[in-house]
Each structure stands twice: as C-alpha cells, then as structure tokens.
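Accompanying notes for the structure given below.
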Amino acid sequence: MQEEKDVTNVKRRNVIIDCDPGIDDSLAIMLALSLESISVKGITIVCGNSPVEMGFGNAKKVLHFLKRLDIPVYQGEKTPLKREYVNALDTHGEDGLGESFLPEVESEYEKNAVDFLTELLEREKISIIALGPMTNLAKVFSRKPELIANVEEMVSMGGSFKSHGNCSP
C-alpha cells in the first residue's frame, strides 16, 4: 500500500507562466494550478502557437473554467524578434484550443507582459516557467540584464532540434 505524503510543510514556489496558449500550454496551466507546490502569480502571453490576443483569450477561458480568474494575465509581444510570425493554428484549431467551444471571457488587460515582468523582477525573486517563444523574456533581459539575478529558477519547454516537432518555427 502506498503511503500518502504530507504536503502541509511544503514551501510553495511562486511562479510566472510565460506561454502561447494553444492546447499544450492550456493543459500545462491546468496542471500548474492543481499542484500544491507552486503558486501561479501571473500568466504572460507571447505570440507563438496562436496570436497574442487569442492566447490571452485562451488563458482567460481556461482560468474561467477552473474558477481561477484571480490570476492576472498579461498580453506580451505580438511578433518574434528576428523573423516573420508563423502561427500553429493548423495544429491547435481555429480557436487555438482544438475547437474547445469554451465561452469567451470579457476581459481587458491592464499592462503589457514585459512591463509586468520587469516591475515584478525589480521587486522580488520569482521562478519562471517558459512554455512558448521567449520573446517577452528577451525584451525584459535585454533592457535590464541585471534582473536575471532575481529569477530563482527558469524552466523551459525547448522544442525540437533537427527533427520534426512543432510545425511552426
């Protein structure tokens, strides 16, 4: 018989999820919010699998579904730094969520993701889970490289190298 672990004394790690919510990142958000060991302090959106506006809407849909609209979501960069933007809606569906038919959530965003990340890292240390292109993070650290010292831990889903993976760059 498997013994249950006592998680009452586990220190929760504060994290930001930087992502491009298609199907995969939406599932990652759901998983992150189910874990006792982390506390999601915000979600920043970047263009990638879906355009940034669609990714913002998808994150809000997922948070509404989970009854977690208390978590702030910030729109970030709309285009990559070095190339033309190519989405992956042919894989993730017209709504970026595999035609989930989740209801739209009326919402406006307060500030840009790069500004939010910059202000947060100026105040405190935090961990970052980077699931999409790292354009938001590149903008933050190119403007203020000293802020990298306030990243406690960075976890990245890196993609594939010299093989067929995602259909977008």
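The values are calculated or read from the model by the stated rules, or taken from the named source; none is laboratory data. Here the structure is a predicted model, which means the values were calculated and not measured. So basically every Cβ, Gly included, is an ideal-geometry build from the backbone, and we count neighbours across all protein chains shown. We work out accessible area using only protein heavy atoms, side chains counted, and drop any ligands, DNA or RNA first. Shrake-Rupley method; radii C 1.70, N 1.55, O 1.52, S 1.80 Å.
If the limit is 26 Å between Cα atoms, which of Lys61/Lys82; Lys41/Lys61; Lys11/Lys41; Lys41/Lys67 go over it? Don't skip to the answer; put the middle values down first.
On the way: Lys61/Lys82 30 Å; Lys41/Lys61 17 Å; Lys11/Lys41 15 Å; Lys41/Lys67 15 Å.
With Cα atoms farther than 26 Å apart: Lys61/Lys82.
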Quiz item: Heavy-atom accessible area of Phe141 with all protein chains present, probe 1.4 Å, nearest 10 Å²?
Solution: 40
Exercise. Calculate the spin-label point distance for Lys67 paired with Ala138, positioning each point 7 Å from the Cα along the beta-carbon direction, and give it in nanometres.
Key: 4.1
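Using a 1.4 angstrom probe, figure out how much accessible area region 31-91 has per residue, in square angstrom, rounded to the nearest whole. Working shown, then result.
Values: 2920 Å² over 61 residues.
So region 31-91 comes to 48 Å² accessible per residue, rounded to a whole number.
Grab the Cα-Cα distance for Asn112 and Arg12, subtract it from 0.36 nm times how many residues apart they are, and report the gain in nm with one decimal. Don't jump to the answer; show the numbers that get you there.
On the way: separation 100, 0.36 × 100 = 36.00 nm, distance 2.62 nm.
Additional length available on full extension: 33.4 nm.
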Practice problem: Mind putting together the pair-distance distribution for region 18-66? All Cα pairs, 10 Å bins, whole percent per bin, short to long. | Solution: 29, 57, 14, 0
